[in-house]
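Data first, discussion second: the structure below is written as structure tokens.
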Amino acid sequence: MTGTRALVVVLVAAAAIATTVWTYAARGALHEDLPPAFASRTNPRLHDPAAAAAGAAIFQSNCASCHGDRADGHGIAAVGLTPPPANFRGTDVLARHSDPYLFYRITEGKPGTAMPSFRGALAENERWAVISYLRSLTPDLAHR
Ligand code: HEC
């Protein structure tokens, strides 16, 4: 009897551990540590047809020096940067990130890299427009 109860306890514990591991693995696909203030943000310009074009112009003025005119990471100021600026074309960078993550990075910058904060330089609706532009590069990927 005691043996059976011990076995049940072990099985229940194993199931609980497996569930926990599975939950983390499933979330890992898009796991991003965002401050709570950013985690719930959504793009207010999602259905604004002018946003991607506006964002393209903002990108050329503010981001292309590093991320490249084509957003492929090969800007003139990218030379020697470690890590290099993100390449948004032909890579999984955009697929790996949610809109709130992109907004967080553009707003706060990325510590340990040359990615600056645009909190002061760009208004919130301009930061969202750039995200609409980046999403337009991979139209097969929905906003996430
Ligand atoms: C001074 C150069 C520079 C400028 C200007 C710049 N970036 Fe970056 N950016 C970087 C670097 C370097 C990284 C780090 C890449 C990495 O983490 O592998 C980065 C990272 C990012 C990331 C995060 C990618 C990731 O996987 O975490 C986003 C999003 C981004 N940049 C968007 C922009 C946008 C939009 C602009 C313009 C508003 C901009 N950047 C301007 C250099 C720059």
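Annotations for the structure displayed:
- Computed from the C-beta positions of A77 and T138 and an R0 of 30 Å, the FRET efficiency is 0.80 to the nearest 0.05.
- With N the number of residues in the range 33-136, Rg(Cα) / (2.2 N^0.38 Å) evaluates to 1.00.
- Exposure proxy for H47, H67: other Cβ atoms within 10 Å of each Cβ, ordered fewest to most, give H47, H67.
- Entry for the range 50-107 at q = 0.27 Å⁻¹: log10 I(q)/I(0) = -1.28, Debye formula applied to identical alpha-carbon scatterers, no solvent contribution.
- With 0.36 nm allotted per residue and the present C-alpha distance subtracted, the V9-N125 stretch has 36.3 nm of extension available.
- Residues F88, F118 arranged by fewest to most Cβ contacts within 10 Å: F118, F88
- The slack between T113 and T91, meaning 0.36 nm per residue of separation minus the straight C-alpha distance, is 6.0 nm.
Read the figures in this text as sums done on the coordinates, not as results from a lab. Here the structure is a predicted model, which is why all the values come from computation and not from measurement. All Cβ positions, glycine included, derive from the backbone under ideal geometry; neighbour counts span all protein chains shown.
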